[in-house]
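Where a number appears in this text, it was derived from the coordinates with a stated rule and is not lab data. Since we're looking at a predicted model, the values are computed, not measured. Note: ideal-geometry Cβ built from the backbone for every residue, glycine included; neighbour counts use all protein chains shown.
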């Protein structure tokens with residue numbers, strides 16, 4: 001995504017797309033070491049740093065090591081997944097859960 005958007009000058013849109021996708025999954029944040037290990041021999045060190053900077057800026061996290069997502073985020077993912085499995089759509093489905101308003105906005 002980073003490489004394609006740089007060629008087509010759409011980094012803002014690509015960054016927002018990555019942020020939205022990353023918000024919807026419970027996976028741990030990626031560390032620079034993981035990205036470096038995955039793309040070793042494919043990209044130069046400078047390009048790897050640019051890729052990680054793009055990722056970290058989009059998802060709002062800079063991580064030196066692999067870290068699990070917050071409990072709040074994991075709960076959000078499970079609630080959304082459960083609603084989807086039961087064909088209850090957001091935001092109407094969230095209102096039906098009787099969760100506090102602060103959770104609905106998350």
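Quick look at the numbers
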| item | result |
| --- | --- |
| Length gained when the stretch residue 77-residue 25 is fully extended (0.36 nm per residue, less Cα-Cα span) | 18.1 nm |
| Gain on full stretching of the segment that runs from residue 101 to residue 13 - 0.36 nm per residue minus C-alpha separation | 28.8 nm |
| Residue order, fewest to most beta carbons within 10 Å, for 42, 35 | 42, 35 |
